[in-house]
Each structure stands twice: as C-alpha cells, then as structure tokens.
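The values are calculated or read from the model by the stated rules, or taken from the named source; none is laboratory data. These numbers come from a predicted model, not from an experiment. Counting neighbours? That spans all protein chains shown, and the Cβs are built from the backbone with ideal geometry, glycine included. These area figures cover heavy atoms from the full protein model, side chains too; ligands, DNA and RNA do not enter into them. Shrake-Rupley method; radii C 1.70, N 1.55, O 1.52, S 1.80 Å.
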Amino acid sequence: CADSCVAGEYCPRGSVTPTICEKGYYCPDGKLRVKCPAGTYGKVTGLTDRTCSGKCQKGYYCPIGSTSITEVICPAGTYGATIGLQDQTCSGECEAGYYCPDGSTNATAYECGDPSVFCPRGSAQPQDVAFYPAHYSIYGTGTTRQAMRLCEAGFYCMHGIRYNCPRGTYGAEAGMFDTWVMDVIDGVLVTNGNRNGTYDGQGTGFTCSGLCARGYYCPS
C-alpha cells in the first residue's frame, strides 16, 4: 500500500489515512488501539504505550479507558490513599469512629464528633443518636464514637450520654430517656406531655422509674 502506520496511530483494514489514537487509548504499533488500563488515564491523543498519561490522583479512581487524572471521585465512606486506584472500592472503607466525604485520602479523614453522634466503619457522615431515643454512643474516645447501645436498667440516656439514675430514684427497665416530672403529690409522680419537669428529690429533674419506696433507700 502507500505506507505503514506508526505507534501513536492506527490503521484498520482499508484505511486511506492513519487515524490518531484517541484520548483514553494507546496505540503501540500502528495496528492495535487499546484502552488505557484501569488506574491510568489518557488525557491526550497519540499515546503509544500502556502507561498512557500516568496514574490516577489520590482520592480518585480511573476505570479502563479514563481520560482524566481525576476521572471518578472515591465515594463517601471510602478513601483513596494512593495513586493509580482502579475501582470504587478505592483504598478501602473509612475507619470506625471517623467519617470520609467524597474524595478523602485517608481512613481517618474527620473525627466523628461529640458523643451525640457515632460513626460505624465506612461512614460517609456522622449518625445522630437522637434518631434512636434511649441509646448512647459507645467505643472510641469522646470524639470518635463507633456505635450505640440501648440504655440499661438503672440509667437514663440523653444526647448520646448515659447517666446514672439519681440517688433516691430507681430505673426498673432498659431504654429510659427524658424521665422528668412536674411534681410529686402524695408520693405520686405528676408528669406533663413531654415528661419535662424539675423535681426528683435530688434537684436534677430526673426520676427514672420513680422515687424509692418508703422504708427503703436507693443509691445512685
């Protein structure tokens, strides 16, 4: 024929002129056109080998045939700690006690926050304990809570923190929260609709299941 194609271009059967290798591909010998491998990208035309334009940037991944160093951002809940990542798993899940927004580059991108929130492994954002009444956050430090637990008998829970039922009161069952009363009249607890009040005999406002019975005493 007229001439031979060279690396960086390709000529299918019946070509009249060479075709320049497109972005996202490399052409090693004038015959083959191959997609840039996963983990790499081809941002220009005329590439000649499998290294293409280089490896994908940290916090991103490049599927096969990518054309940008930031082709696809690592999804929230994961992180991309190295260059050349190939798929949406990136480098793995965010560690428990922390959360990772889109494009995070390490497993401990942000501490979860105060005890009112918790972050299981792979968290994209903190979870609010307030959505689970009568629970408290557990494990980790005060700013890296990892899970939650139902408040046990003898305790009440608010804002992700577990408190002892006060002296002079008792907590007969699990799952207590906001156990406030308006008043005590002849030993009977009087509550309002929100269980919000000010008296328990100890000045805290919390009575759990009620006041200790006459003839008995109740430590914290």
Exercise for review: Rank by packing, highest mean first: peptides 130-138, 78-86, 6-14, with packing defined as the count of other Cβ atoms within 10 Å averaged across residues.
Suggested key: 78-86, 130-138, 6-14
Study note, to complete from the structure: Compactness summary of the range 63-113: radius of gyration and Dmax from Cα atoms, Å, are 11.2, 40
Review point. For the chain, what is the Kirkwood hydrodynamic radius in Å, using each pair of distinct C-alpha atoms?
Key: 21.9
Exercise for review: Return the loop-located trypsin sites (Lys or Arg not before Pro) in the range 33-76 (DSSP other than H, G, I, E, B) with at most 14 other Cβ atoms within 10 Å of their own Cβ; answer none if there are none.
Suggested key: Arg50
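So, with +1 on the Cβ of K and R and -1 on the Cβ of D and E, and no other charges, what is the size of the charge dipole of the chain about its Cα centre, to the nearest 20 debye?
Details: 16 positive and 19 negative charges, 109 e Å.
With only Lys, Arg, Asp and Glu charged at Cβ, the dipole is about 520 debye.
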**Study point:** Relative contact order (%) - the range 34-100, alpha-carbon pairs under 8 angstrom, separation at least six
**Key:** 30
**Study point:** Anchor Lys31: lysines whose Cα lies under 22 Å away (excluding residues fewer than 8 positions away in-chain)
**Key:** Lys23, Lys43
Review point. Along the range 105-114, what does the Karplus equation 6.51 cos²θ - 1.76 cosθ + 1.60 (θ = phi - 60°) give for ³J(HN,Hα), rounded to whole Hz, x for Gly and Pro?
Key: 10, 8, 6, 10, 4, 9, 5, 4, x, 7
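Which value, in nm² and rounded to one decimal, describes the direction-averaged projected area of the C-alpha convex hull of the range 124-166? Walk me through the numbers on the way to the answer.
Working: hull surface 12.7 nm².
Taking the Cα atoms of the range 124-166, their convex hull projects to 3.2 nm² on average.
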Point to revise | Thr169 long-range amide H proximity, modeled H, under 5 Å | key: Cys212
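Whenever you get a sec, compute what percent of the accessible area on the chain sits on carbon and sulfur atoms (1.4 Å probe). Don't jump to the answer; show the numbers that get you there.
Values: 6390 of 12500 Å².
Reported share for carbon and sulfur atoms: 51 percent.
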Exercise for review: Find the relative contact order for the chain and round it to a whole percent, using C-alpha pairs within less than 8 Å whose residues are 6+ positions apart.
Suggested key: 10
Review point. Given H placed on each backbone N at 1.01 Å, which residues far from Phe155 in sequence or on other chains put an amide H within less than 5 Å of it?
Key: Cys165
Review point. Residues with amide H under 5 Å of Ala147's amide H, sequence separation 5 or more or different chain, H placed in the peptide plane at 1.01 Å from N; which?
Key: Cys119, Ile138
Revision key, fill the gap. The distance between the Cα centres of the range 113-144 and the range 1-55, in whole Å, is 51
